[in-house]
Amino acid sequence: IYSCCYLNRRLNQLSSHDPLWKRHCKKYCLISDEEKTRRNQGWRAIFISTYSDLGRYIHYYATLKKAWDDLEQYLGQWCPRMIGSLKESVREEDLDAVEAQIHCKLPDDYRCSFRIHNGQKLVVPGLMGSMALSNHYRSEDLLDIDTAAGGFQQRLGLKQCLPLTFCIHTGLSQYMALESVEGRNKYEIFYQCPDQMARNPSAIVMFITGTSYLEWFTSYVNKVVTGGYPIIRDQIFRYVHDKDCVATTEDITVSVSTSFLPELSSVHPPHYFFTYRIRIEMSKDALPENACQLESRYWRITNAKGDVEEVQGPGVVGEFPVISPGKVYEYTSCTTFSTTSGYMEGYYTFHCLYNKDRFFNVTIPRFHMVCPTFKVSTA
C-alpha cells in the first residue's frame, strides 16, 4: 500500500511538471512561446484549456491550423484582398446545429477546419481558385457552414451530399459525400457532371477531387503556398505546371501549364475540355539584335487512341507578339479530346526584326492532359 501511495504521488508530481506539457502544446496545438507569454499561463494549463475545447480534433487540428496559417501568410503577400473575405471560426454548438438540420454527421476534419475559419464570404475571387478563358470565368468560394447546409442535397443523384465550394458565375460546386450511397465512398469529394445520354435526369458522373476533407484542403493549400499555382490579377489560378515541360530554342524558352475544366466536360458523350497556358520568354542575356516576332504556330495533337490532328495558322490567339531580351509573353487557349487523355506538341515560327529574311522555329514541349478519376452515380 505504501509503495502504491508513493507511486501515485510521484505520478502526480510528474504530471504537474509544466515543461513536460510544452511538447504537447507545440505538437498538437501549435502554441508558440510568444503566445504562452501573451496568455500568461503555464504549459499544462494551456493544454488543458485547449484540449477541453478542441480535444476531439487532436489528430487533425495541428495539420489544419498550419495549413490555414500558411495560406493566410501567403495570401497576405500575394492576394491581400482575399484575406478580408475569410470568416471567423464557428462554435461547437453551431456545427452541432447544422448536423441536426441536415440529419447527417459531419466528419471531424471538416468540423475542425471550421473551428479555425468558417469558410469565406461569397465574393470574387474565390479562395479555392479561378479559371478564365475568353468567354468563360470560374472562381470557387469556400462556403461557410450555413450556406453549405442550405445547399445540402437529398435529391436523387446527389443524395446526402454537402457542397464545399460554389462559383457564382457558373453554379459549379465541389461536393462531399456524407454517406456511402449512389456509388460514392463516404467523405469523397467531387465535381458533378450531368450524364447527357441518360434518360434519367438525376444520372450524374463524378470527377473525384479528394478522398477526405483533410487531404483535399491541405493538398490544395500546399500547391498554393509552394507556388504550384500562378497568381494572376490578385487571384489563384488552378493551372498545373510540369517542371519537365520546358523547351529552350536559342534564347527563347517555352513552358506550359494545363488545367481540366469539369464544368465544360462530359463523359457521356465523351468530351473532355482542357485549357493550357503558354509562357514564351527570351533570355535577358540575349543580344538586342535577337529580338523577333511570332509569325505562326504548328500543333500536333494526339489523343489516347493515337489519332493525330495537325493544326497550323498565323499568330497565337489573334496576336503576333514581339519578344526581346528579358521580355515575357503569356497566353491561354483550350482544346478538347474524345478520350480521357491526350497530348500536344509543336513549334512557333519567328522572324528576326533586324534580319527580316531570317525565320526559325521554336519548339513547344510535349505536354500531357489527363482527366481526373471519375465514376458514374448508381442512382
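The values are calculated or read from the model by the stated rules, or taken from the named source; none is laboratory data. Predicted model only: the values in this text are computed from it and were never measured. Here the Cβ positions follow ideal geometry from the backbone for every residue, glycine too, while neighbour counts run over all protein chains shown. Ligands, DNA and RNA are stripped out before the accessible areas are found, and what is left, the full protein with its side chains, is counted by its heavy atoms. Shrake-Rupley method; radii C 1.70, N 1.55, O 1.52, S 1.80 Å.
Taken one residue at a time, the phi angles of region 94-99 give Karplus couplings (6.51, -1.76, 1.60, θ = phi - 60°) of 5, 5, 4, 5, 5, 4 Hz. Gly and Pro are set to x. 7 Å from Cα along Cα→Cβ at both Asp242 and Asn135: what's the point-to-point distance in nm? Here the answer is 3.0 nm between the modelled labels. Each of Ser265, Gln160, Val376 was placed along the dipole of the chain (beta-carbon charges, centred on the mean Cα), and the one lying farthest toward the positive end is Gln160. Here the chain is treated with +1 on each Lys and Arg Cβ and -1 on each Asp and Glu Cβ, and its dipole about the Cα centre works out to around 1140 debye.
Amide H to amide H distances under 5 Å link Gly342 with Met369, where only residues 5 or more positions off or on other chains count and H is placed in the peptide plane. The H on the amide N of Ser266, modeled in the peptide plane, is under 5 Å from the matching H of His271, Tyr272, Phe273, each at least 5 residues off or on a different chain. The Arg199 and Glu92 beta-carbon pair, evaluated with R₀ = 41 Å, returns a calculated FRET efficiency of approximately 0.35. Each of [x] 24.1; [y] 22.3; [z] 20.7 is a candidate for Kirkwood radius over Cα pairs in Å; the one calculated from this structure is [x].
In the chain, the calculated helix contribution to ellipticity at 222 nm averages -8000 deg cm²/dmol per residue, counting -39,500 (n - 2.57) for every DSSP H run with n ≥ 4. Charge tally around Tyr187: other residues with Cβ under 11 Å, Lys/Arg +1 each, Asp/Glu -1 each, net -2. Averaged over its residues, the chain has an accessible area of 50 Å² per residue, based on protein heavy atoms and a 1.4 Å probe.
Of all trypsin sites (Lys or Arg not before Pro) in region 297-330, which ones are in loop regions per DSSP and have a Cβ with at most 15 other Cβ atoms within 10 Å?
On the way: sites: Arg297, Arg300, Lys305, Lys327; in loops: Lys305, Lys327.
Sparse-neighbourhood loop trypsin sites (Lys or Arg not before Pro): Lys305, Lys327.
Projecting the Cα positions of Ser134, Phe114, Ser52 onto the charge dipole of region 1-150 (unit charges on Cβ atoms of Lys, Arg, Asp and Glu, taken about the Cα centre) puts Ser52 furthest along the positive direction. When both region 132-197 and region 244-282 are represented by their alpha-carbon centers, they are found 25 Å apart. Charge dipole (Cα centre; +1 on Lys/Arg Cβ, -1 on Asp/Glu Cβ; no other charges) of region 23-148 amounts to roughly 480 debye.
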